[in-house]
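Presented below is the structure to which this report refers.
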Amino acid sequence: MHEMSLAQALVDQAVELVRLDGCSRVLGVDVRIGALSGVMRDALEFCFPAAARGTALEGAELRVTEVPLKAMCRDCRIESRPKPFEIQCPHCGSMNLELSDAREFKLVSLEVE
């Protein structure tokens, strides 16, 4: 399960930011997970408390925003939100799509005390 290593990297990054800013405790962590990132939200939410244990993030709320896949059809110029691995324009049926960057896994913000 690579979500444990992702949770640990997230905690490490946040701990460093908190140390640099001189804060004592993190109340919330906001992250964005793209539809094509390969990150399983449930697994990340399960692993986060264990990774945060003993740090300034212990007890912090993990708030996840899922970023949907967006596609622009290069043929008819219609934007759509296809499901991952079912990538076809719903308007014209073309598979000539330009996909948005839905591979992100990003720390967006920290709510600190």
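Just so you know, all these numbers are worked out from the coordinates, no wet-lab data involved. Everything numeric in this text was worked out from a predicted model, so none of it was measured. Here Cβ is always computed from backbone atoms with ideal geometry, including for glycine, and neighbour counts include all displayed protein chains.
Loop-located trypsin sites (Lys or Arg not before Pro) across the range 1-83 with a Cβ neighbour count of 15 or fewer within 10 Å are Arg25, Arg53, Arg74, Arg77, with loop assigned by DSSP. Between the labelled values (1) 43; (2) 38; (3) 27, the entry that holds percent of Cα pairs over 24 Å apart as derived from this structure is (2). The relative contact order of the chain, computed from alpha carbon pairs under 8 Å that lie at least 6 residues apart in sequence, is 36 percent.
For the chain, what is the calculated [θ] at 222 nm in deg cm²/dmol (nearest 500), taking -39500 (n - 2.57) for each run of four or more DSSP H residues and dividing by its residue count? It comes out at -9000 deg cm²/dmol, rounded to the nearest 500. Comparing Thr65, Val15, Gly54 along the charge dipole axis of the chain, the residue lying farthest to the positive side is Thr65, per the Cβ-charge model. To the nearest ten degrees, helix 3-21 and the longest principal axis of the Cα atoms of the chain are 60 degrees apart. Each residue in Ser109, Ser24 was given a count of other beta-carbon atoms within 10 angstrom of its own, and listing them fewest first yields Ser24, Ser109. The charge dipole of the chain, taken about its Cα centre with unit charges on the Cβ of Lys, Arg, Asp and Glu (plus for the first two, minus for the last two), comes to roughly 300 debye.
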